[in-house]
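To start, the structure itself, in structure tokens.
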Amino acid sequence: MGLSPMKELLLEAQKGRYAVGAFNCNNMEIVQAIVAAADIEKSPVIIQASQGAIKYAGIDYITGLTKLAAESVKVPVALHLDHGTSFEQCIDCIRSGFSSVMIDGSKHNLEDNIALTLRVIEIARLFGVSVEGELGKIGGTEDDIVVSEREAFFTDPIDAERFCSETGVDALAVAIGTAHGLYKGVPKLDFDRLKEIKKRVSTPLVLHGSSGVPGEAIREAISHGVAKVNIDTNIREAFTEAARKVVIENPKEIDPRKMLGPAREAAIEVIREKIRIFGSNGKA
Ligand code: G3H
Ligand code: ZN
């Protein structure tokens, strides 16, 4: 199967009251793990590339790997740019064959964020590419994007209504208390805010920083309009722990495949678990 537009996957999820997992890829093994997990669970899936992944692998490698992976399975696979930093980067990804892009205009004021998101949407529409926008500022660290607790702010439901109606964006990332990276304690999500946003906006909502958020809270967020759940850190953890275990147990091992093979297996397991929490298993 070729790459699917993310918009279609999210509208189906909204109807079915589940969420599609958007899993960050860091290398070939993780791309393979994401697709293998989705295939086993018969789930639609989104592979996303962060700024760090793009720097590490290059846009065209990511597109090439994902296209091959998607062609090897029957489940729908979307390829998404995560936290796109500029109009130009979104265009580069569209040109390369991504089926979806995120333009993260959260550092701008509302008017400028709307204007930037609209510029991306105008081009993306011509190619049938979906667009995710962000309103509010999600805290924590993801690759080069660092937002301190002081800088982070939650999404205003009234702004969300204006943002969605003026841009017609396909998905909206909301800040309701999650953060990128490892949590120190258990995150507390602002469900009242999420309910208020859902009342005003019919756009599928996106939960970022979802690694480490308890399954119950994720399910509750899904019941209040979240249709895309982003996971990166938990995959990195599982992958690296498995590779580290091989190195510690066999310090003389020199075959990278002996480290990366078990790491890929560990990533498959964690992704399968997340897919079942999101309820997208059996939906493809
Ligand atoms: O955009 C990517 C995600 O929001 C991942 O967050 O690393 O905390 O799972 P996470
Ligand atoms: Zn994120």
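The values are calculated or read from the model by the stated rules, or taken from the named source; none is laboratory data. None of these values were measured; they are calculated from a predicted model. Using ideal geometry, Cβ is built from the backbone for each residue, glycine included, and neighbour counts are taken over all protein chains shown. Remember, those area values only see protein heavy atoms, side chains included, never the ligands or the DNA or RNA. Shrake-Rupley method; radii C 1.70, N 1.55, O 1.52, S 1.80 Å.
At-a-glance table
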quantity	calculated
Inter-site label distance for residue 166 and residue 95 at 7 Å from Cα along Cβ, in nm	2.9
Residue-averaged [θ]222 nm for the chain, counting only DSSP H segments that reach four residues, each worth -39500 (n - 2.57)	-16000 deg cm²/dmol
Charge context of residue 51, other residues only, Cβ under 9 angstrom, K/R +1, D/E -1	-3
Eligible lysines near residue 184 by straight Cα distance, threshold 21 Å, same-chain separation 8 or greater	137, 274
Calculated FRET value between residue 87 and residue 153, using beta carbons and R₀ = 22 Å, to 0.05	0.40
Under the Karplus curve 6.51 cos²θ - 1.76 cosθ + 1.60, θ = phi - 60°, whole-Hz ³J(HN,Hα) for the stretch 186-198, x wherever Gly or Pro sits	8, x, 10, 8, 8, 5, 4, 4, 4, 4, 5, 5, 4
Given 74/245; 188/228; 228/283, the pairs whose alpha carbons are separated by over 23 Å	74/245
Share of carbon and sulfur in the accessible heavy-atom surface of the chain [1.4 Å probe, %]	53
Residue-by-residue Karplus 3J(HN,Hα) for the stretch 107-124, coefficients 6.51, -1.76, 1.60, Hz, glycine and proline x	7, 8, 6, 3, 4, 5, 4, 4, 5, 5, 5, 5, 4, 5, 4, 4, 6, 4
The stretch 6-278 - convex hull of alpha carbons, volume per residue in Å³	122
